Ligand code: HEC
């Protein structure tokens, strides 16, 4: 019985800790950046050449993913920019600050992304 109680306490502690970490990450996302400045940096640092001006995605050796409305959390977004998984060039903090990345993140989150054909009137005539 005692072991059960200890295990339950450990599980509660793990859940509480995880909850705190997740809400801290969400708070970081919510507090993230200045979308207007993010747009300036996105254009200046050439992100648009591969990912498109509207974050619609493009190509570079292979597909360059859609960034509009990204589902990535800020932390994963930043990790890709600093240490890309494959062909994308890396941006060190000498080139792009964490603040700039948070601003770009806010910018791509603010982009509308693709719409359903049903929402485009001329396609429904
Ligand atoms: C030369 C082309 C190129 C440029 C410039 C570029 N990217 Fe990428 N990006 C890619 C490619 C290709 C991938 C696919 C993964 C890889 O190759 O690392 C990618 C992946 C990503 C991803 C992961 C998206 C996902 O959903 O998996 C993010 C985030 C990203 N890029 C952000 C940026 C930002 C921000 C900039 C500008 C600071 C930028 N990229 C500049 C080509 C580029």
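Laboratory data are not the source of any read-out in this text; all were calculated from the coordinates shown. All values reported here derive from a predicted model rather than from experimental measurement. Ideal geometry is used to build each Cβ from the backbone, glycine not excepted, and the neighbour counts take in all protein chains shown.
Being buried (at least 18 other Cβ atoms within 10 Å of the Cβ), assigned to a helix (DSSP H, G or I) and in contact with a helix residue (DSSP H, G or I) (Cβ under 7 Å, 6 or more places away or on another chain) is the filter here, so list the residues in the range 66-125 that pass it. Matches in the range 66-125: 74, 77, 78, 81, 100, 101, 102, 103, 104, 105, 106, 107.
Annotation note: Cβ proximity below 6 Å between a residue of the range 78-98 that is without any contact (Cβ under 8 Å) to a residue 24 or more places away in the chain and a residue that is more than 6 Å from the ligand (Cβ to nearest atom) (sequence gap 6+ or interchain) occurs for 81/101; 84/90. Scanning the range 30-46 for residues that are farther than 12 Å from residue 101 by Cβ and not in a loop (DSSP other than H, G, I, E, B) yields 30, 31, 35, 36, 39, 40, 43, 44.
Of the residues making up the range 47-65, just one is near the ligand (Cβ under 8 Å from one of its atoms), surrounded by 14 or more Cβ atoms within 10 Å (Cβ to Cβ) and assigned to a loop (DSSP other than H, G, I, E, B), namely 65. Filtering 85, 81 for residues that are near the ligand (Cβ under 6 Å from one of its atoms) and more than 21 Å from residue 33 (Cβ to Cβ) leaves a single hit, 85.
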